Amino acid sequence: MNRTDKETLLFDAALKLFAEYGYKKATIEDVANEVGMTPGNIYFYVKNKKELYEKTVRSALGRWRDSVAEAVALEKRAPEKFNVMAERSFQYLQDRDDILAILSRDPDIFTLSPGEDRFYDINAGAMRLMKDILAQGVREKSFHKMDVDRATDFLFSVYIMFLIKAYVKPEGENVAAMFREGLRLILRGLVG
């Protein structure tokens, strides 16, 4: 097994334990036992528990982003790409109790300030995907002319606020209904 495969196993095990017990209660020893390593072996991959946590979350967020990008790549036209991007982003999180548990315990994973974003590189990749879809939509005339950079910043901010409201600090609303109505509004606009 190569290093990348071992890291994937390590981060999967750590994600499971951080989700179940939280950052404070999960230990390096717990993760080592879960993955069949010694605690000393884990230190070949990370310096300490904090770095293990950060790399674990980064890995989970990266897989989420990559899953969305793979689904988008199967579509040809921008409106379908945008719809798939939104649907896949939403559905992926709906199906991942482990990531949802981490988000509820660590609400600072999502921030509206790029300067405070611990996972800026992951989010920047997601924003590039959105920007590319918007630019394609303008080129193929399926979207209105727009400043694609500003539109991307705006829509990504709305997306982050939705994630915070729906998953980090839920207010008991029907998340699926809120998502569907928001997506319809974005794709169809306010003016009919």
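Just so you know, all these numbers are worked out from the coordinates, no wet-lab data involved. Quick caveat, the model's predicted, so the values are computed rather than measured. Cβ coordinates were reconstructed from backbone atoms using ideal geometry, including for glycine residues, and neighbour counts include every protein chain displayed.
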Between the Cα axis of helix 3-25 and the main Cα principal axis of the chain, the angle (0 to 90°, nearest 10) is 90 degrees
Violations at 28 Å Cα threshold for listed pairs Lys24/Lys81; Lys25/Lys55; Lys76/Lys145; Lys24/Lys47; Lys6/Lys47; Lys6/Lys81 -> Lys24/Lys81; Lys6/Lys81
Per DSSP, the loop-located trypsin sites (Lys or Arg not before Pro) within segment 34-66 having at most 16 other beta carbons within 10 Å are Lys47
So the angle from the long Cα axis of helix 49-73 to the longest Cα principal axis of the chain, reported in degrees to the nearest 10, equals 30 degrees
Rounded to the nearest 0.05, FRET efficiency between Arg58 and Glu29 (Cβ-Cβ, R0 30 Å) equals 0.85
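Given Cα pairs under 8 Å that are at least 6 residues apart, what percent is the relative contact order of segment 57-188?
Relative contact order here is 28 percent.
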Neighbours of Glu34 by Cβ distance under 12 Å: Lys/Arg at +1, Asp/Glu at -1, summed charge -3
Helix 148-163: inclination vs the chain longest Cα principal axis, degrees, rounded to 10, gives 50 degrees
Residues other than Lys50 with Cβ under 13 Å of its Cβ, Lys/Arg counted +1 and Asp/Glu -1, net out at +3
Ignoring GluC sites (Glu not before Pro) buried by more than 16 other Cβ within 10 Å or outside DSSP loops, the longest site-free run in the chain is 1-74
Distance in nm between Asp108 and Lys145 label points, each 7 Å along Cα→Cβ, equals 4.4 nm
